[in-house]
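One structure below.
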Amino acid sequence: MTVAVLVLLGPSAPVGSLVARPLPDGAAKGVVPNRVMTWNICNPCDVGNVDRAADIATYAPQVIGLQEACVRDVEQIRAYLAGLYGLVYHVEYGTVLRKRSRCGGTPWNPGAFGQAILSASPMTDRVSVEYPDGGSEDRGYLAVTTVVGGHTVRVFNTHLAHRRQQPVRARQTEELAAAVARHDRAIVLGDFNAVPDAAELAPLWALAPGSDPECRPSPTATCEPTTDWSSRFDYVFLRGLGSVAQHVHPTVYSDHHLLHTDVVPARGA
């Protein structure tokens, strides 16, 4: 198994990182077919991809949307998930910029940075869109069609402009919502850099309610924080689907927590 992972990761992989981190009691025994996850994995951060893979393997979602993702990091995470935990995922990328300070590489060939979607089922009809105005850094969304809980679903993964750029986020959300509205069944994952009652999220709340019934765009709602600074910035929006469970999992490997949701067909669907 170690040899196989070395082949996948290449000669730059540190040998010590090939030891699988034991998963906690209650960890998933295999891919959970109706589970979706969103996670801003933090970049640049001094974090090992073997640790990121262990966090993902603990909950083993069918679909994972990663933000602030470098292609090289995601490839290593995939290899660790397969080689150390037996979890095999397909991948699609939504690169929005190439930046050496974010993803390494050389000045003439910097690493690719943006969104990524991992799915245990094959993905089709990939669309990667860069918002016309990303704010202080290029931003966009990635969309694919795949299977979640036995149903074909359009999955979107996005990262909106930084938190002090509300007008920019409003334009980005309008563009994203227009794309989501074309589908009867959709899952929207991401880091929205906005609290639940922020005005710019209104188009998404109207189209695709969030997966947590206790978290709504109201000052009195109870929304579990998803960041180290105790804000709710990360969401799973569901269109034509319902949710039976949502969980937030703090982690030392990012400044954002892991958020996963178990989905079911919408009532009456």
From the options Asp262, Asp212, Asp191, residue that is in contact with a Phe, Trp or Tyr (Cβ under 6 Å, 6 or more places away or on another chain) and either of a type in the set (Val, Ile, Thr) or under 15 Å from Met37 (Cα atoms) (or both): Asp191
Return yes when Ser218 is modelled with pLDDT of 95 or more, open to solvent by 30 Å² or more (accessible area, probe 1.4 Å) and more than 16 Å from the chain's Cα centre (by Cα) and no when it is not. no
Among the candidates Arg169, Arg164, single out the residue that is modelled with pLDDT of 95 or more and among the basic types (Lys, Arg). Arg169
Assess whether Arg232 counts as being among the basic types (Lys, Arg), open to solvent by less than 60 Å² (accessible area, probe 1.4 Å) and within 17 Å of Trp39 (Cβ to Cβ). yes
Residues to consider are Ala143, Ala199; find the one that is over 28 Å from Ala82 (Cβ atoms) and either over 16 Å from the mean Cα position of the chain (by Cα) or not polar (S, T, N, Q) (or both). Ala199
Can you name the condition, by its number, that Ala221 falls short on among (1) touching a residue at least 24 places away in the same chain (Cβ under 8 Å); (2) of a type in the set (A, V, I, L, M, F, W, C); (3) in contact with a helix residue (DSSP H, G or I) (Cβ under 9 Å, 6 or more places away or on another chain); (4) not in a strand (DSSP E or B)? (3)
Suppose we filter Val129, Val153, Val71 for residues that are of a type in the set (Val, Ile, Thr), free of Cβ contacts under 8 Å to residues at least 60 places away in the same chain and out of contact with any Cys (no Cβ under 8 Å at 6 or more places or on another chain); which single one remains? Val129
Can you tell me which residues in region 78-97 are part of a strand (DSSP E or B) and not polar (S, T, N, Q)? His90, Val91, Glu92, Tyr93, Gly94, Val96, Leu97
Among the residues of region 51-73, how many are of a type in the set (Val, Ile, Thr) and surrounded by 24 or more Cβ atoms within 10 Å (Cβ to Cβ)? 3
Take Ser101 and decide whether it is over 15 Å from the mean Cα position of the chain (by Cα) and within 17 Å of Arg35 (Cα to Cα). no
Looking at region 193-211 only, could you name the residues that are open to solvent by less than 30 Å² (accessible area, probe 1.4 Å) and either farther than 26 Å from His183 by Cβ or part of a loop (DSSP other than H, G, I, E, B) (or both)? Asn193, Ala194, Pro196, Ala198, Ala208, Ser211
Within region 56-77, can one find any residue that is assigned to a strand (DSSP E or B), within 22 Å of Pro225 (Cα to Cα) and touching an Asp or Glu at 6+ places or on another chain (Cβ under 6 Å)? yes
If you go through region 74-118 one residue at a time, how many are surrounded by fewer than 18 Cβ atoms within 10 Å (Cβ to Cβ), more than 24 Å from Gly150 (Cβ to Cβ) and among the β-branched types (Val, Ile, Thr)? 1
Does region 11-33 include one or more residues that are open to solvent by 30 Å² or more (accessible area, probe 1.4 Å), in a helix (DSSP H, G or I), modelled with pLDDT under 95 and more than 28 Å from Gly210 (Cα to Cα)? yes
Which of (1) under 18 Å from Asn43 (Cα atoms); (2) surrounded by 19 or more Cβ atoms within 10 Å (Cβ to Cβ) is the odd one out, the single condition Ala177 does not satisfy? (1)
Does Val188 meet the test of being open to solvent by 10 Å² or more (accessible area, probe 1.4 Å), closer than 22 Å to Ser231 by Cα, among the β-branched types (Val, Ile, Thr) and modelled with pLDDT of 95 or more? no
Verdict on Arg154 being open to solvent by 60 Å² or more (accessible area, probe 1.4 Å) and farther than 17 Å from Gln172 by Cα: no
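The values are calculated or read from the model by the stated rules, or taken from the named source; none is laboratory data. Here the structure is a predicted model, which means the values were calculated and not measured. Backbone-built Cβ (ideal geometry, glycine too); neighbour counts: all protein chains shown. With ligands, DNA and RNA removed, areas are computed over all heavy atoms of the protein, side chains included. Shrake-Rupley method; radii C 1.70, N 1.55, O 1.52, S 1.80 Å.
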